[in-house]
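K.L.:
Right, I'll just put the structure down here and ask away after.
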There are 2 protein chains.
Amino acid sequence: MNDVAAAAGVALKTVSRVVNNEPGVNATTAERVHAAIERLGYRRNDGARTLRRGRTASIGLVIEDVADPFYSGLSRAVEDVALDEGCLVFTGSSGEDASRERELVLAFCARRVDGLIIVPAGTDHDYLTPEIDAGIAAVFADRPPGAGPDADTVVCDNAGGARVGTEHLLAHGHRRIAFLADSPSIFTATERLRGYREALASAGLPYDEELVAMAPPGRARALADLERLFRLADPPTALFTGNGRTTVATLRALAAPITHGPPVAVVGFDDFELADLLGITVVAQDPARLGRVAAELLFRRLAGESGPPQRLELPTRLVVRGSGELPLRG
Amino acid sequence: MNDVAAAAGVALKTVSRVVNNEPGVNATTAERVHAAIERLGYRRNDGARTLRRGRTASIGLVIEDVADPFYSGLSRAVEDVALDEGCLVFTGSSGEDASRERELVLAFCARRVDGLIIVPAGTDHDYLTPEIDAGIAAVFADRPPGAGPDADTVVCDNAGGARVGTEHLLAHGHRRIAFLADSPSIFTATERLRGYREALASAGLPYDEELVAMAPPGRARALADLERLFRLADPPTALFTGNGRTTVATLRALAAPITHGPPVAVVGFDDFELADLLGITVVAQDPARLGRVAAELLFRRLAGESGPPQRLELPTRLVVRGSGELPLRG
DNA sequence: TCTCGATTTGACAACGTTGTCACCGCCTCT
DNA sequence: AGAGGCGGTGACAACGTTGTCAAATCGAGA
């Protein structure tokens with residue numbers, strides 16, 4: 001900017017004014033400055049600007065894994081809202097690792113992002129309290145934070161969705177419904193388990209732990225679970241799978257030649273690409289909406305909206321495609 | 001940092017030394033400084049640090065759409081490499097819109113990212129030349145840049161992959177093979193078309209424009225294309241689909257009740273989630289590897305590696321799953 | 001002609017760091 | 001005792017902006 005000023009024969013401040021479209025600059029002078037900018041290929045240094053002004057016009061987004069379609073949908077929505085607000089996004093994947101999450105968040109804070117959107121991985125978010133006190137806005141998405149700060153949170157109606165999904169299977173006559181989901185340490189998994197149990201209870205059915213399997217999704221694990229379930233004295237006739245990855249892993253296991261189980265009905269939590277072609281009935285949530293709502297909430301906070309932390313719950317939607325309507329064999 | 005210095009009763013510079021683990025600070029003093037840092041909840045301002053030192057330890061990544069699994073896989077790989085290098089990533093989706101790409105790139109440049117990884121959307125990248133001259137390293141991924149700078153580029157063997165896929169269908173007896181892909185304005189689409197034509201030529205078959213359809217993927221478009229193809233006097237007995245989204249849209253259209261075409265063999269370019277369950281034969285590329293290689297190349301440049309721009313081509317792999325092995329009905 | 005207000009411009013400090021250099025003790029070696 | 005080296009510390013400028021305030025210029029009205 002100094003060079004530009006020298007080249008245009010004006011003071012630094014005048015260049016600054018021109019660059020920022022501030023009023024009160026003579027048109028002729030502005031023209032001369034523009035020419036100099038063009039000639040020198042000058043581009044304003046937003047880092048320095050940020051330092052002076054206090055706002056960085058950037059936010060940090062920490063999710064579990066960008067490569068997971070659920071989070072990448074959320075990610076895209078956050079990005080779009082941010083761009084509308086003239087804001088850039090730092091993205092980081094925690095990989096469900098609390099310490100990596102912490103590392104990312106603190107790195108974002110050191111960069112003085114204006115706000116954070118976090119899909120929390122750990123159970124302890126005390127480390128965020130000083131940052132929030134220091135004025136960094138934070139919104140939690142998909143799951144509430146663990147111990148620590150009381151901040152805005154946007155989740156979906158996990159228990160309600162799981163209840164509806166389970167009730168759907170019950171309505172088709174099933175009485176032995178297995179529940180397969182991620183580790184109980186993950187908020188959404190336990191919430192969905194709760195919905196499943198509520199549905200059973202409402203139908204006057206007992207909760208049978210033998211029918212429940214909760215662990216990180218994976219091919220081997222899905223196979224093992226199914227083999228165990230099908231060997232039970234009173235095996236399940238339907239499966240409720242508690243998230244997208246578990247659903248996919250389960251479908252693969254069901255298709256494997258080893259799993260010589262009887263046909264079972266399947267309802268999954270989370271919609272996924274090609275579920276329509278495979279005819280899989282799901283309880284769908286809308287990751288893009290989750291991201292959008294979280295980002296909008298964040299920007300309202302950044303715009304100065306005060307008030308107590310909000311907790312928003314987004315609805316789910318049952319999408320009937322066939323796999324959940326398989327009747328009980330009589 | 002000033003406050004910390006005052007609280008610890010030392011000079012600014014000493015705090016700086018402690019914060020950066022620089023040698024030459026008395027253990028007792030360091031202890032006192034650490035205590036003050038803890039007490040005040042101080043966190044270094046990386047923006048100011050960056051301004052002073054010149055390197056921002058951040059890179060910009062511009063892709064077409066994070067929500068597309070291909071790009072989100074690439075994205076995750078870039079992120080992982082960057083994290084290893086102690087670097088944060090700004091991510092932006094261009095949505096195949098050249099002006100949005102430009103806007104994002106220039107915003108990243110204004111933030112003085114150290115480097116850029118770009119999946120180019122437009123055909124004119126002259127706007128990047130001054131930035132590259134200004135010292136920002138750039139690597140193009142998935143597609144080469146249009147007119148403008150001559151920079152490092154990592155692509156996959158598009159033509160080779162399409163040739164192998166087409167040859168696979170030819171080997172199963174097909175002579176009328178349709179080619180469905182994205183707009184010819186997209187580099188990968190035309191390269192794959194080239195591979196398709198090479199395979200036909202090698203087999204001594206004519207290139208029939210009636211069998212080729214190139215446009216942005218979508219449900220309606222896939223249906224229209226298939227209906228047209230199946231109404232031809234000499235309809236195709238096999239389809240080669242030129243990218244993941246086209247493959248999926250085509251499969252949906254094939255499954256639609258309206259499309260009452262005969263069974264056709266299908267080979268798609270790009271692997272996708274659940275292709276295994278659906279039994280779709282594909283020519284797979286590895287988006288994570290693409291991202292990793294591009295990021296590694298970028299960081300080598302940032303580390304000072306000189307030499308002429310490189311152009312890397314990654315191999316593809318034919319994954320046989322059934323849909324491409326449907327024999328010609330005799 | 002002088003004063004006043006508006007317009008245009010510029011000097012300077014500040015944002016929070018780090019690099020450079022100089023300083024102060026203290027110990028060791030002559 | 002004096003010179004020299006070394007570990008520890010601090011003063012100060014600089015990075016590239018922008019906010020504050022003052023100065024210069026000009027035309028208009030008294």
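The values are calculated or read from the model by the stated rules, or taken from the named source; none is laboratory data. Given the structure is predicted, the values throughout are model-derived calculations rather than measurements. Counting neighbours? That spans all protein chains shown, and the Cβs are built from the backbone with ideal geometry, glycine included. Heavy atoms of the whole protein, side chains included, go into the accessibility calculation; ligands, DNA and RNA do not. Shrake-Rupley method; radii C 1.70, N 1.55, O 1.52, S 1.80 Å.
K.L.:
State all residues of region A:315-330 that are crowded, with 16+ Cβ neighbours inside 10 Å and either acidic (D, E) or under 17 Å from the mean Cα position of the chain (by Cα) (or both); if no residue qualifies, say none.
P.N.:
Hit for region A:315-330 is A:T316, nothing else.
K.L.:
Here's another thing I want to ask about it. If A:A151 meets every condition in (1) open to solvent by 30 Å² or more (accessible area, probe 1.4 Å); (2) away from chain B (no Cβ under 14 Å); (3) at pLDDT below 95 apart from one, which number is that one?
P.N.:
(1)
K.L.:
Sort out which residues of region B:185-215 are assigned to a loop (DSSP other than H, G, I, E, B) and modelled with pLDDT of 95 or more, and write them in order of number. Outline the logic, then answer.
P.N.:
Within region B:185-215, the first condition is being assigned to a loop (DSSP other than H, G, I, E, B), and the residues that meet it are B:185-186, B:203-208, B:215.
Once the filter is applied, which keeps residues that are assigned to a loop (DSSP other than H, G, I, E, B) and modelled with pLDDT of 95 or more, region B:185-215 yields B:A203, B:G204, B:L205, B:P206, B:Y207, B:D208, B:A215.
K.L.:
Can you say whether B:D133 is charged (D, E, K, R), buried (at least 20 other Cβ atoms within 10 Å of the Cβ) and more than 16 Å from DNA strand C (Cβ to nearest atom), as far as the supplied structure shows? Lay out the reasoning, then the answer.
P.N.:
Values: charged (D, E, K, R): yes; buried (at least 20 other Cβ atoms within 10 Å of the Cβ): no; more than 16 Å from DNA strand C (Cβ to nearest atom): yes.
When the stated conditions are applied, B:D133 does not pass them.
K.L.:
Take the residues of region B:151-170 that are charged (D, E, K, R) and outside any helix (DSSP H, G or I): which is farthest from B:E198 (Cα to Cα)?
P.N.:
Within region B:151-170, the first condition is being charged (D, E, K, R), and the residues that meet it are B:152, B:157, B:163, B:167.
Keeping just the survivors that are outside any helix (DSSP H, G or I) gives B:152, B:157.
Numbers: B:D152: 27, B:D157: 14 Å.
Checking each candidate, the answer is B:D152.
K.L.:
Continuing with this model, one more query. Only residues that are hydroxyl-bearing (S, T, Y) and either within 7 Å of another protein chain (Cβ to nearest Cβ) or surrounded by fewer than 19 Cβ atoms within 10 Å (Cβ to Cβ) (or both): list them for region B:59-72, please.
P.N.:
Kept after step one, since they are hydroxyl-bearing (S, T, Y), are these residues of region B:59-72: B:71-72.
Result: B:S72, single match.
K.L.:
Under 6 Å between Cβ atoms, at least 6 apart or on separate chains: pull out the pairs that start in region A:1-13 with a residue that is within 7 Å of DNA strand C (Cβ to nearest atom) and end on any residue that is in a helix (DSSP H, G or I) and of a type outside the set (A, V, I, L, M, F, W, C).
P.N.:
Short answer, once both residue conditions are applied: none.
K.L.:
Another question, then. Where residues in region B:246-280 are of a type outside the set (A, V, I, L, M) and surrounded by 22 or more Cβ atoms within 10 Å (Cβ to Cβ), which of them is nearest to B:S183 (Cα to Cα)?
P.N.:
It comes out as B:T246.
K.L.:
Could you tell me how many of the residues in region B:53-72 are within 16 Å of DNA strand C (Cβ to nearest atom) and either of a type in the set (K, R) or part of a loop (DSSP other than H, G, I, E, B) (or both)? Don't jump to the end; show me each part of the working.
P.N.:
Our first condition is that a residue be within 16 Å of DNA strand C (Cβ to nearest atom); within region B:53-72, this holds for B:53-58.
Retained after the next criterion (residues that are either of a type in the set (K, R) or part of a loop (DSSP other than H, G, I, E, B) (or both)): B:53-57.
The qualifying residues number 5.
K.L.:
Could you list, in sequence order, all residues of region B:154-181 that are in contact with a helix residue (DSSP H, G or I) (Cβ under 7 Å, 6 or more places away or on another chain) and surrounded by 22 or more Cβ atoms within 10 Å (Cβ to Cβ)?
P.N.:
B:V154, B:C156, B:N158, B:G161, B:A162, B:R163, B:T166, B:I177, B:A178, B:F179, B:L180, B:A181
K.L.:
Could you list, in sequence order, all residues of region B:14-58 that are surrounded by 12 or more Cβ atoms within 10 Å (Cβ to Cβ), more than 41 Å from the chain's Cα centre (by Cα) and within 11 Å of DNA strand D (Cβ to nearest atom)?
P.N.:
Correct list: B:T14, B:V15, B:V25, B:T29, B:A30, B:E31, B:R32, B:V33.
K.L.:
When you look at B:L226, is it outside any helix (DSSP H, G or I) and touching a strand residue (DSSP E or B) at 6+ places or on another chain (Cβ under 9 Å), yes or no?
P.N.:
Numbers: outside any helix (DSSP H, G or I): no; touching a strand residue (DSSP E or B) at 6+ places or on another chain (Cβ under 9 Å): yes.
No, not satisfied.
K.L.:
Can you tell which of B:R49, B:R44, B:R17 is within 11 Å of DNA strand C (Cβ to nearest atom), modelled with pLDDT of 95 or more and away from every other protein chain (no Cβ under 14 Å)? Outline the logic, then answer.
P.N.:
Values: B:R49 fails: away from every other protein chain (no Cβ under 14 Å); B:R44 fails: away from every other protein chain (no Cβ under 14 Å).
It is B:R17.
K.L.:
From the set of residues in region B:281-298 that are of a type in the set (A, V, I, L, M, F, W, C) and closer than 22 Å to A:A275 by Cβ, which is surrounded by the most Cβ atoms within 10 Å (Cβ to Cβ)? Give the steps one after another, and end with the answer.
P.N.:
Step one: of region B:281-298, the residues of a type in the set (A, V, I, L, M, F, W, C) are B:282-284, B:288, B:290, B:293-295, B:297-298.
Retained after the next criterion (residues that are closer than 22 Å to A:A275 by Cβ): B:282, B:284.
Working: B:V282: 27, B:A284: 18.
Looking at residues that are of a type in the set (A, V, I, L, M, F, W, C) and closer than 22 Å to A:A275 by Cβ, I get B:V282.
K.L.:
Counting only residues that are in a helix (DSSP H, G or I) and more than 10 Å from every other protein chain (Cβ to nearest Cβ), which one in region B:85-112 is surrounded by the fewest Cβ atoms within 10 Å (Cβ to Cβ)?
P.N.:
Let us first name the residues in region B:85-112 that are in a helix (DSSP H, G or I), namely B:98-110.
Cutting the leftovers down to more than 10 Å from every other protein chain (Cβ to nearest Cβ) gives us B:98-99, B:101-102, B:105.
Details: B:A98: 16, B:S99: 10, B:E101: 24, B:R102: 18, B:V105: 24.
Here the residue is B:S99.
K.L.:
In region A:275-330, what residues are aliphatic (A, V, I, L, M) and part of a loop (DSSP other than H, G, I, E, B)?
P.N.:
If we filter region A:275-330 for residues that are aliphatic (A, V, I, L, M), which is where we start, we get A:275, A:277-278, A:280, A:282-284, A:288, A:290, A:293-295, A:297-298, A:302-303, A:312, A:314, A:318-320, A:326, A:328.
A:I280, A:A303, A:V320, A:L326, A:L328 - these are the residues of region A:275-330 that are aliphatic (A, V, I, L, M) and part of a loop (DSSP other than H, G, I, E, B).
K.L.:
Evaluate the following for B:D142: is it crowded, with 21+ Cβ neighbours inside 10 Å, at positive phi, at pLDDT 95 or above and in the same structural domain as B:D68 (by TED's automatic domain parsing)?
P.N.:
Details: crowded, with 21+ Cβ neighbours inside 10 Å: yes; at positive phi: yes; at pLDDT 95 or above: yes; in the same structural domain as B:D68 (by TED's automatic domain parsing): yes.
Taking the combined requirement at face value, the residue satisfies it.
K.L.:
Now a separate question. Take A:A265 and decide whether it is on the phi < 0 side of the Ramachandran plot, in contact (Cβ under 8 Å) with a residue 24 or more places away in the chain and in the same structural domain as A:R76 (by TED's automatic domain parsing). Spell out how you get there, then give the answer.
P.N.:
Values: on the phi < 0 side of the Ramachandran plot: yes; in contact (Cβ under 8 Å) with a residue 24 or more places away in the chain: yes; in the same structural domain as A:R76 (by TED's automatic domain parsing): no.
Answer is no for this residue.
K.L.:
Quick check on my filter: what residues within region A:117-147 are within 14 Å of chain B (Cβ to nearest Cβ) and farther than 19 Å from A:F70 by Cα? So that I can check it myself, show each step before the final result.
P.N.:
Here is the first cut: in region A:117-147, the ones within 14 Å of chain B (Cβ to nearest Cβ) are A:117, A:126-136.
If the condition is that a residue be within 14 Å of chain B (Cβ to nearest Cβ) and farther than 19 Å from A:F70 by Cα, then A:D126, A:Y127, A:L128, A:T129, A:P130, A:E131, A:I132, A:D133, A:A134, A:G135, A:I136 are the ones that fit.
K.L.:
Here is a check on your reading of the model: is B:S75 crowded, with 22+ Cβ neighbours inside 10 Å, under 22 Å from A:I63 (Cα atoms), within 9 Å of chain A (Cβ to nearest Cβ) and in contact with a helix residue (DSSP H, G or I) (Cβ under 7 Å, 6 or more places away or on another chain)?
P.N.:
On the way: crowded, with 22+ Cβ neighbours inside 10 Å: yes; under 22 Å from A:I63 (Cα atoms): yes; within 9 Å of chain A (Cβ to nearest Cβ): yes; in contact with a helix residue (DSSP H, G or I) (Cβ under 7 Å, 6 or more places away or on another chain): yes.
Yes, satisfied.
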